[in-house]
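Here's the structure we're looking at; comments come further down.
The values are calculated or read from the model by the stated rules, or taken from the named source; none is laboratory data. Predicted model, so just to flag it, every value in this text is computed and none were measured. All Cβ positions, even for glycine, are placed from backbone atoms using ideal geometry, and neighbour counts span all protein chains on display. Accessible surface areas use protein heavy atoms only, side chains included; no ligands, DNA or RNA. Shrake-Rupley method; radii C 1.70, N 1.55, O 1.52, S 1.80 Å.
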Amino acid sequence: MVGGGGRRLTATGREQILAGRRREYDEDDVRVRPRRSSRPRTRTRPAHDDAVNGFVVTVDRGRYGCVLTGPPAPQPVAGPPPVVTAMRARELGRRAVVVGDRVALVGDVSGDAGSLARIVRIDERASVLRRTADDDESTPEGRLERVVVANADQLVIVSALADPPPRTGFIDRCLVAAYDAGIDPLLCLTKADLADPAPVVDYYRDLDLEYVLCRPGSDLADLRHRLAGRLSVLVGHSGVGKSTLVNRLVPEALRAVGTVSAIGRGRHTSSSAVALRLPCADASPDDADTSADDGAGAGSRADARVVPAGDPGWIVDTPGVRSFGLAHVSAESLLHGFADLVEGSLDCPPNCEHTGDAGQCRLAGWVAAGNADPRRLASYRRLLDSRSGDTETGRTATRE
């Protein structure tokens with residue numbers, strides 16, 4: 001090899017020149033970028049030990065209104081409690097959050113305008129009230145299961161005695177849903193000044209079903225007594241006076257009130273479910289008037305679950321519904337909503353479906369002997385048909 005100036009470089013000379021240009025490398029000079037699939041991951045999630053307890057009162061397009069139920073929650077005072085706006089944390093996945101859920105909150109829980117907290121945990125639900133929209137034709141199956149509310153311990157079925165007339169088929173469906181969810185039912189008959197409640201009361205005489213009567217301007221002491229210290233869900237057809245009743249129970253609610261159409265169907269005035277805290281009572285619930293004039297029925301259950309101590313109770317106002325489907329209820333559980341027919345089913349052969357086509361079913365004969373109201377058996381079998389997919393029968397039942 002010839003170098004500059006024509007001089008020939010020996011092998012030893014080349015090594016000396018290269019040695020002078022060499023650089024020492026160490027592990028800090030090595031950069032290895034791992035492949036995406038080889039990056040270490042962990043399932044460890046934050047413990048959120050600083051989270052505070054809350055109660056979901058509204059759900060609106062991915063935003064959840066919550067009130068605090070533990071420190072630093074304020075003590076119950078007159079007026080509605082402050083509402084904390086929250087969103088669902090990613091670690092909850094697809095788990096739904098509904099009104100009535102007990103949750104854990106982190107972030108800004110002040111409730112100030114523009115503040116936002118996160119829901120990081122959902123406590124185990126004591127009860128789940130569901131309904132199936134089996135008249136919904138927008139889904140492929142026509143049946144979409146919906147959670148109405150969580151953790152409720154009382155279902156108040158609001159039905160008008162006139163304008164619109166009472167629909168016992170709808171009441172039967174609500175009773176089945178309540179018993180299936182382990183919730184106590186309460187029948188609230190409104191517009192008692194327009195019609196005699198005796199026919200409806202007589203229809204359920206064998207169920208020992210609690211009920212109250214409400215008239216315009218009447219004292220609601222009996223109803224308040226039954227709602228005190230509980231989380232109650234109000235359901236009913238549109239136009240039965242449910243929103244009017246809510247406004248009387250919680251004056252701050254100001255729920256929209258509509259009018260009944262000329263064909264006897266009400267207008268939908270409540271567009272979303274919302275939990276409302278009852279005002280603090282000035283007097284003890286034991287002083288409530290339980291006379292037959294403003295309400296009659298059995299006394300309140302002593303073993304009923306209650307909301308946190310010191311809280312006067314909550315009601316959940318739901319949108320008016322045209323149907324209360326029961327596709328999510330098993331055939332065995334369906335019979336529990338007709339306790340007056342259970343005794344007659346004991347003589348049926350094993351695995352009897354109790355339908356009109358079941359030749360060996362003993363229910364029809366037992367009812368014909370005067371042991372139960374034949375209308376009750378007819379209603380039960382209509383519900384069985386609606387569960388089996390008989391859409392014509394199902395739609396007829398929802399209009400009752």
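A few remarks follow.
- Residue within region 301-317 that is acidic (Asp, Glu), closer than 19 Å to Leu186 by Cβ, surrounded by 14 or more Cβ atoms within 10 Å (Cβ to Cβ) and modelled with pLDDT of 80 or more present: yes
- Qualifying residue in region 99-112 (condition: in a loop (DSSP other than H, G, I, E, B) and touching a residue at least 60 places away in the same chain (Cβ under 8 Å)): yes
- One residue from Val240, Val212 being open to solvent by less than 10 Å² (accessible area, probe 1.4 Å) and either part of a loop (DSSP other than H, G, I, E, B) or of a type in the set (S, T, N, Q) (or both): Val240
- Restricting region 155-204 to residues that are among the charged types (D, E, K, R) and open to solvent by 40 Å² or more (accessible area, probe 1.4 Å), the residue that is nearest to the chain's Cα centre (by Cα): Asp180
Per-residue answers, yes or no, for (1) out of contact with any Ser or Thr (no Cβ under 6 Å at 6 or more places or on another chain); (2) among the charged types (D, E, K, R):
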site	(1), (2)
Thr190	yes, no
Asp193	yes, yes
Val200	yes, no
Tyr204	yes, no
Val212	yes, no
Gly217	yes, no
Asp222	no, yes
His225	yes, no
Ala228	yes, no
